[in-house]
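Working notes, structure below.
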Amino acid sequence: MRTKEQIFEFIATELKIKEIMQEKGISVTQMSEKLGVTRQSLYRCLNGNPTMNRLKEIAEILEVSPKDLF
């Protein structure tokens with residue numbers, strides 16, 4: 001069974017979120033704080049089907065276009 005961090009890494013890698021976060025020096029904790037959600041909520045969001053609004057918020061924080069997340 002995968003841990004929440006492993007699941008996040010899998011989903012984030014598929015969406016390139018993890019790669020971009022690393023390039024920008026943003027941790028999962030920092031991302032969740034910037035989004036105003038708990039780390040667990042961020043994991044759940046990315047483990048399920050993140051909404052386009054949430055992906056837009058993440059892209060804005062990462063200073064990239066939403067299409068760059070794919």
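The values are calculated or read from the model by the stated rules, or taken from the named source; none is laboratory data. Only a predicted model underlies this, so the values are computations on that prediction, with no experimental measurement involved. Positions of Cβ are backbone-derived with ideal geometry, glycine not excepted, and every protein chain shown enters the neighbour counts. For accessibility, only protein heavy atoms count, side chains too; no ligands or nucleic acids. Shrake-Rupley method; radii C 1.70, N 1.55, O 1.52, S 1.80 Å.
Tabulated results
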| quantity | calculated |
| --- | --- |
| Cβ-Cβ under 9 Å pairs, at least 6 apart or on other chains, the range 56-70 side acidic (Asp, Glu), far side open to solvent by less than 80 Å² (accessible area, probe 1.4 Å) | 57/35; 60/66; 68/20; 68/59; 68/62 |
| When residues of the range 10-24 are limited to those that are assigned to a helix (DSSP H, G or I) and surrounded by fewer than 16 Cβ atoms within 10 Å (Cβ to Cβ), the one modelled with the lowest pLDDT | 13 |
| Count of the range 25-59 residues which are open to solvent by 90 Å² or more (accessible area, probe 1.4 Å) and either part of a helix (DSSP H, G or I) or at pLDDT 90 or above (or both) | 6 |
| Members of the range 60-70 that are of a type outside the set (A, V, I, L, M, F, W, C) and either open to solvent by 70 Å² or more (accessible area, probe 1.4 Å) or under 19 Å from residue 25 (Cβ atoms) (or both) | 60, 63, 67, 68 |
